[in-house]
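Participant: Input: one structure, supplied below.
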Amino acid sequence: MPIEIDIAHVARLARLALTPDELDRYRSQLAVILDHAARVQAVDTTGLAPTAHPLGLSNVFRPDEVRPPLDVDEVLSQAPSARDGYFEVPPALEGA
Amino acid sequence: MSTWEPVIGIEVHVELGTASKMFCGCPVVFGDQPNTAVCPTCLGLPGALPVTNGTAIEWLARIGLALHCRIAPFSVFHRKNYFYADVPKNYQISQFDLPVCVDGWLDVTADGEEIRVGIERAHMEEDTGKSLHQGSGGRIHAATSTLLDFNRSGVPLVEIVSRPDLRSAAQARAYAQDLRALVAELGVSDARMEEGSIRFDANVSVRPVSTKELGTKVEIKNMNSFRSLERAIGSEIDRQIGVLEDGGAVIQETRHWDEEVGATKGMRTKEGSSDYRYFTEPDLVPLEMPASTVERIRTDLPELPADRRHRFGQLGLDSHLVNVLSGSDPDLRRVFDEAVALGADPVISANWITGEVTAVFRRAEASKAEVRIRGSDLAELVMMVKQGTLSSSAAKEALSGVMAGEGSPREVAEARDLVQVSDEGLIGAAIDQVLAANAEAIERLRGGEEKVLGFLVGQVMRATGGKADPKLVNALLRQRIT
């Protein structure tokens, strides 16, 4: 059963500006991946606990101790734009 | 009357006051220079990995247990994916279907009525950075650029989601205030609304009275005080009723409270922005909390505000006194508890604590003076007044001496010569002296001029330097005259 993919929506969520050709190409590639996922999903897992993490570990904690942060000048030297100790980016819309 | 019933749920975000952030060792700071408490992890630099702060998880369980939640023996972190400049990884580490705390409740009192507010969940996540919108007075829509400070990025954040059990703006405010008091009591956050370390969002809908189906809900943000929370919810309820009564439909959206205008405003939101595509965080392993850990944290809980109010009520305090004492400084409440444990009358002790003791503290605060009081001091003071050793005005003076560090109430009363004379022999001698000098007054009193008694009491008080117990003087005088 072919899976319906709103590839434009997926691209928008990922903030990817794709051409119509690319949209077509990725739609078919993504379909193969989803097809595979559908086959995995079809396996009967009754009575099996879901795997939350492949390592099988839990409770890996660090003590609540402060470590020295980075130097602010070094941090901002990596940014395309900075002002008064802040990173500067194009205006952001709230909730966008 | 009103034919619409408001249905309100509250989402609360609490920044934990741990020393370090949730997934890295950067310090949790407020008001520092921007970007001075950041590292590769909380800046979302490629390759940086998160490591969970164990203390933050225990504190979340502490909050959950105080809210009577069930602590999940197994829970996991998820990624909540969205693009916003203050989320440097393009996802926030949060929890989704397996949160640490579920199914609790909080009893709150609003308009004299106690209501039980269900808690759906409380989960762990990380705070975002802070955005500062430049241009046109910081307004979002007219901004020319956005400045970012990541000091807050990765600060441990607990989200507490109530069930839609609130039915008025006043109830919502009471819930918010009581929850804030609870969190502060637990010592896990400074819970300062004005600094954003506790933040409230409200989900509001209305439905026809006595129907079950929920109306379309609107989320309100940007409420910066309890007062604005109550006003915002009240105004949004009115707006929705207006829309429905005009035959319109409420649109599901997020609205911003505008304090100056006194109304909520719709926000421009992009379509599909709420598709967060949660998936389990592959960089973090699951959390497991055995029953023994849960019990240890439960045993460690302090007395909760609701329990304390109940206890004060059982001590015989009326609801006004319960409220005032509950709102008193924790140190003063401790003094009260100690005094009562030593046998002091609870109502009288509470009146002292909320009255004169608080007044002395406030004056001392204003003049930056150091004052203190112990429970045993208060107990002694209350006892001395009861026994007639101190008049109530002398007790006030003794108290100020005690709080200034001059000694116990008895020591201060003696040093300042405040002790009331209750020795019948001494008072009797003074009375005899006064009577001998006022034969005419006695005749008038015997003739029915009652007010003369006051004059004679005054004379006796003067003869004893004002220290005789006036009640005793009165009684002894009457004995001698009639």
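The values are calculated or read from the model by the stated rules, or taken from the named source; none is laboratory data. This one's a predicted model, so the numbers in the text were calculated from it and none came from an experiment. Methodologically, a virtual Cβ is constructed for each residue, glycine included, from the backbone with ideal geometry; neighbour enumeration extends over all protein chains shown.
Participant: For the stretch B:245-259, state whether one or more residues are in contact with a Phe, Trp or Tyr (Cβ under 8 Å, 6 or more places away or on another chain) and assigned by TED's automatic domain parsing to the domain that holds B:A56.
Facilitator: no
Participant: Taking the stretch B:216-229 as the search range and keeping residues that are crowded, with 21+ Cβ neighbours inside 10 Å and of a type outside the set (V, I, T), which one is farthest from B:I198 (Cα to Cα)? Can you show your working first?
Facilitator: In the first step, residues of the stretch B:216-229 are kept if they are crowded, with 21+ Cβ neighbours inside 10 Å; the result is B:218, B:220, B:223, B:229.
Those still in the list that are of a type outside the set (V, I, T) too: B:223, B:229.
On the way: B:M223: 11, B:L229: 13 Å.
The selected residue is B:L229.
Participant: I'd like to check something: does the stretch B:260-275 contain any residue that is under 23 Å from B:A172 (Cβ atoms) and surrounded by 18 or more Cβ atoms within 10 Å (Cβ to Cβ)?
Facilitator: There is at least one residue in the stretch B:260-275 that is under 23 Å from B:A172 (Cβ atoms) and surrounded by 18 or more Cβ atoms within 10 Å (Cβ to Cβ).
Participant: Could you tell me which numbered condition B:R62 fails, if it satisfies all but one of (1) over 28 Å from B:P305 (Cα atoms); (2) touching a residue at least 40 places away in the same chain (Cβ under 8 Å); (3) more than 10 Å from chain A (Cβ to nearest Cβ)?
Facilitator: Result: B:R62 passes all but (1).
Participant: Kindly evaluate B:I119 against the criterion of being surrounded by 19 or more Cβ atoms within 10 Å (Cβ to Cβ) and either of a type in the set (F, W, Y) or assigned to a strand (DSSP E or B) (or both).
Facilitator: yes
Participant: Got at least one residue in the stretch B:374-381 being surrounded by fewer than 17 Cβ atoms within 10 Å (Cβ to Cβ) and closer than 22 Å to B:R416 by Cα?
Facilitator: Yes, there is a match, as at least one residue in the stretch B:374-381 is surrounded by fewer than 17 Cβ atoms within 10 Å (Cβ to Cβ) and closer than 22 Å to B:R416 by Cα.
Participant: Would you tally the residues in the stretch A:62-96 being closer than 25 Å to B:L98 by Cα and either buried (at least 16 other Cβ atoms within 10 Å of the Cβ) or more than 8 Å from every other protein chain (Cβ to nearest Cβ) (or both)?
Facilitator: Matching residues across the stretch A:62-96 total 2.
Participant: Answer with yes or no whether B:V285 is more than 21 Å from the chain's Cα centre (by Cα), within 14 Å of another protein chain (Cβ to nearest Cβ), not in a loop (DSSP other than H, G, I, E, B) and not charged (D, E, K, R).
Facilitator: Numbers: more than 21 Å from the chain's Cα centre (by Cα): yes; within 14 Å of another protein chain (Cβ to nearest Cβ): yes; not in a loop (DSSP other than H, G, I, E, B): no; not charged (D, E, K, R): yes.
For B:V285, the condition - more than 21 Å from the chain's Cα centre (by Cα), within 14 Å of another protein chain (Cβ to nearest Cβ), not in a loop (DSSP other than H, G, I, E, B) and not charged (D, E, K, R) - is not met.
Participant: Give the residue that is nearest to the chain's Cα centre (by Cα), with candidates limited to residues of the stretch B:8-31 that are over 21 Å from B:A122 (Cβ atoms) and surrounded by fewer than 20 Cβ atoms within 10 Å (Cβ to Cβ).
Facilitator: B:F30
Participant: Name every residue in the stretch B:178-195 that is assigned to a helix (DSSP H, G or I) and either of a type outside the set (D, E) or surrounded by fewer than 17 Cβ atoms within 10 Å (Cβ to Cβ) (or both), in order of residue number.
Facilitator: Selection gives B:L179, B:R180, B:A181, B:L182, B:V183, B:A184, B:L186, B:M193, B:E194, B:E195.
Participant: Still on this structure, I have one more. So which helices (runs of 4 or more DSSP H) are wholly in chain A and hold at least 2 residues that are touching a strand residue (DSSP E or B) at 6+ places or on another chain (Cβ under 9 Å)?
Facilitator: So the answer is A:72-77.
Participant: Checking the condition surrounded by fewer than 14 Cβ atoms within 10 Å (Cβ to Cβ), in contact (Cβ under 8 Å) with a residue 24 or more places away in the chain and outside the structural domain of B:L179 (by TED's automatic domain parsing), which residue from B:D307, B:D329 passes?
Facilitator: Selected residue: B:D329, the only one of B:D307, B:D329 that is surrounded by fewer than 14 Cβ atoms within 10 Å (Cβ to Cβ), in contact (Cβ under 8 Å) with a residue 24 or more places away in the chain and outside the structural domain of B:L179 (by TED's automatic domain parsing).
Participant: Could you tell me whether any residue of the stretch A:11-30 is among the β-branched types (V, I, T) and more than 7 Å from every other protein chain (Cβ to nearest Cβ)?
Facilitator: yes
Participant: So which of B:G9, B:G47 is of a type outside the set (A, V, I, L, M), in contact with a strand residue (DSSP E or B) (Cβ under 7 Å, 6 or more places away or on another chain), away from chain A (no Cβ under 13 Å) and within 28 Å of B:K130 (Cβ to Cβ)?
Facilitator: Selected residue: B:G9, the only one of B:G9, B:G47 that is of a type outside the set (A, V, I, L, M), in contact with a strand residue (DSSP E or B) (Cβ under 7 Å, 6 or more places away or on another chain), away from chain A (no Cβ under 13 Å) and within 28 Å of B:K130 (Cβ to Cβ).
Participant: Can you tell me which of B:P46, B:P50, B:P34 is outside any helix (DSSP H, G or I), more than 29 Å from the chain's Cα centre (by Cα) and surrounded by fewer than 20 Cβ atoms within 10 Å (Cβ to Cβ)?
Facilitator: B:P46
Participant: A follow-up question, please. Find the residue count for the stretch B:17-67, including only residues that are aromatic (F, W, Y) and closer than 29 Å to B:V102 by Cα.
Facilitator: Qualifying residue count for the region: 2.
Participant: I need the full set of residues from the stretch B:339-360 which are in a helix (DSSP H, G or I), in contact (Cβ under 8 Å) with a residue 40 or more places away in the chain and crowded, with 18+ Cβ neighbours inside 10 Å, in order please.
Facilitator: Filtering the stretch B:339-360 down to residues in a helix (DSSP H, G or I) leaves B:339-341, B:346-360.
Filter again for in contact (Cβ under 8 Å) with a residue 40 or more places away in the chain, leaving B:339, B:352, B:356-357, B:360.
B:A339, B:W352, B:V357, B:V360, listed by residue number.
Participant: Kindly provide the set of residues from the stretch B:230-252 that are surrounded by fewer than 16 Cβ atoms within 10 Å (Cβ to Cβ) and closer than 18 Å to B:E11 by Cα, ordered by number.
Facilitator: Result: B:Q252, single match.
Results for (1) at pLDDT 95 or above; (2) farther than 30 Å from B:V76 by Cβ; (3) hydrophobic (A, V, I, L, M, F, W, C), shown as yes or no for each residue.
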site: B:L287; (1), (2), (3): yes, no, yes
site: B:P290; (1), (2), (3): yes, no, no
site: B:A306; (1), (2), (3): no, yes, yes
site: B:H320; (1), (2), (3): no, yes, no
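Participant: Determine which single condition B:K265 fails, assuming it passes every other condition in (1) more than 28 Å from B:H123 (Cα to Cα); (2) within 14 Å of chain A (Cβ to nearest Cβ); (3) touching a residue at least 12 places away in the same chain (Cβ under 8 Å).
Facilitator: (3)
Participant: Okay, moving on. With B:E414, B:E397 as the choices, which residue is surrounded by fewer than 18 Cβ atoms within 10 Å (Cβ to Cβ), over 34 Å from the mean Cα position of the chain (by Cα), modelled with pLDDT of 85 or more and acidic (D, E)?
Facilitator: On the way: B:E397 fails: over 34 Å from the mean Cα position of the chain (by Cα).
Being surrounded by fewer than 18 Cβ atoms within 10 Å (Cβ to Cβ), over 34 Å from the mean Cα position of the chain (by Cα), modelled with pLDDT of 85 or more and acidic (D, E) holds for just one of B:E414, B:E397, which is B:E414.
Participant: Do we find that B:A191 is more than 14 Å from chain A (Cβ to nearest Cβ) and on the phi > 0 side of the Ramachandran plot in this structure?
Facilitator: Criteria met by B:A191.
Participant: Which one is surrounded by the fewest Cβ atoms within 10 Å (Cβ to Cβ), of the residues in the stretch B:65-92 that are touching a Leu at 6+ places or on another chain (Cβ under 9 Å), more than 30 Å from B:L147 (Cβ to Cβ) and within 11 Å of another protein chain (Cβ to nearest Cβ)?
Facilitator: B:F74
Participant: Right, another one. Filter the stretch B:50-105 down to the residues that are among the acidic types (D, E) and closer than 18 Å to B:V294 by Cα and list them by number.
Facilitator: Scanning the stretch B:50-105 gives B:E58, B:D103.
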